[in-house]
Amino acid sequence: MSSERGGLLLVISGPSGVGKSTISRAVLQRLNAVFSVSMTTRPQSSMETDDVDYDFVTAERFQQAIDKDELLEWAEVFSHRYGTPRQPVTEQLKSGHVVLLEIDVQGAVQVRKKFPEALMLFILPPGKEKLLERLRGRAREDEQVIQRRYAEAQCEMHAAQASGVYDHFLVNDDLNLAIERAVDIIEEWRKRT
Ligand code: ADP
Ligand code: 5GP
């Protein structure tokens with residue numbers, strides 16, 4: 001379990017564009033936490049850095065990681081594969097760090113089985129229009145991809161509620177308030193475990 005290994009495994013999920021990365025960045029700084037860099041077959045965007053935002057790999061390399069059991073969890077999201085490399089997470093937990101996984105609901109369900117004491121947060125948008133605004137504001141994808149991600153957001157939110165794995169649902173309306181709330185929840189959890 002996460003606390004037995006000294007650290008805290010923290011999962012942050014939410015629909016695309018809700019503000020996961022923005023909140024995660026603040027949490028990482030505030031708590032001196034470690035970000036788990038996922039492996040993905042998704043193409044790299046011009047705003048992203050390889051090995052920092054993701055380890056961008058070929059479909060063959062991803063399949064090899066599955067075959068060699070190198071991944072703590074993996075899932076197919078928006079027609080691409082995403083997974084969490086196991087070894088860095090295990091090592092950082094052993095050293096007592098807060099390790100942050102920004103993963104989808106399918107991944108969170110897999111992690112919950114392996115780490116019953118992990119803290120799992122799901123970020124919700126203040127409303128549908130705001131979510132679409134944020135997806136567009138990020139200026140990362142074209143309109144067609146944005147519409148697909150927006151449509152998928154409803155499914156992701158329903159799946160999160162139905163999964164029963166999340167400890168807290170957090171609305172990201174005012175950003176600073178959402179960050180404060182997330183930090184408070186994590187600090188409370190650390191005291192308890
Ligand atoms: P995600 O990682 O969930 O896909 P991002 O963190 O990339 O989302 O945020 C999507 C966009 O929304 C970014 O442009 C970000 O600056 C903006 N954003 C995040 N949180 C808020 C907020 N509370 N209010 C307004 N804009 C926000
Ligand atoms: P994006 O393409 O916007 O960076 O990520 C798309 C979705 O994939 C998001 O919901 C994100 O949380 C999820 N994701 C990113 N990395 C992983 C991972 O390693 N495992 C799983 N299961 N989902 C991931």
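We did not get these values from a lab; they are worked out from the coordinates using the rules stated. Computed from a predicted structure; not experimentally measured. Cβ atoms come from the backbone with ideal geometry, glycine included; neighbour counts cover every protein chain shown.
Results, tabulated for the structure shown:
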read-out	value
Phe169-Lys114 FRET efficiency (beta carbon distance; Förster radius 22 Å; 0.05 resolution)	0.50
D_trans [Stokes-Einstein, Kirkwood Rh over alpha-carbon pairs] for segment 1-92, 37 °C, 0.692 mPa s, µm² s⁻¹	228 µm²/s
Computed magnitude of the charge dipole of segment 8-192 (debye, nearest 20; Cβ of K, R +1, Cβ of D, E -1)	320 debye
Amide H contacts under 5 Å for Glu73, placed H, 5+ residues apart	Thr84
Among beta bridges that DSSP assigns inside segment 3-151, antiparallel share in %, nearest 5	35 percent
Amide proton proximity set for Asp55, modelled H, under 5 Å, gap of 5+	Ser38, Met39, Thr40
Phi to ³J(HN,Hα) by Karplus 6.51 cos²θ - 1.76 cosθ + 1.60 over segment 67-75, Hz, x for Gly, Pro	4, 8, 6, 8, 9, 6, 7, 7, 7
Lysine pairs meeting the criterion (Cα under 19 Å, 8 or more apart or interchain), as found in segment 8-192	6
Selection from Phe169, Leu131, Gln147 lying farthest towards where the dipole of the chain points positive, charges on Cβ	Phe169
Inter-centroid distance (Cα atoms) of segment 130-177 relative to segment 23-49, Å	17 Å
Segment 107-148 residues near the modelled Glu48 label - backbone nitrogen below 18 Å, point 7 Å along Cα→Cβ	107-108, 135-148
Using a Förster distance of 35 Å, the FRET efficiency for Arg148-Lys94 (Cβ separation, nearest 0.05)	0.35
Span per principal axis, largest first, for the Cα atoms of segment 153-193 (Å)	32, 27, 7
Efficiency of FRET between Asn176 and Glu133 - r from beta-carbon atoms, R0 22 angstrom, step 0.05	0.75
Computed P(r) (all Cα pairs; the chain; 10 Å bins; percent)	9, 37, 40, 14, 1
For segment 124-137, Karplus couplings with θ = phi - 60° (6.51, -1.76, 1.60), whole Hz, Gly/Pro x	10, x, x, x, 5, 5, 5, 5, 4, 4, 5, 4, 6, x
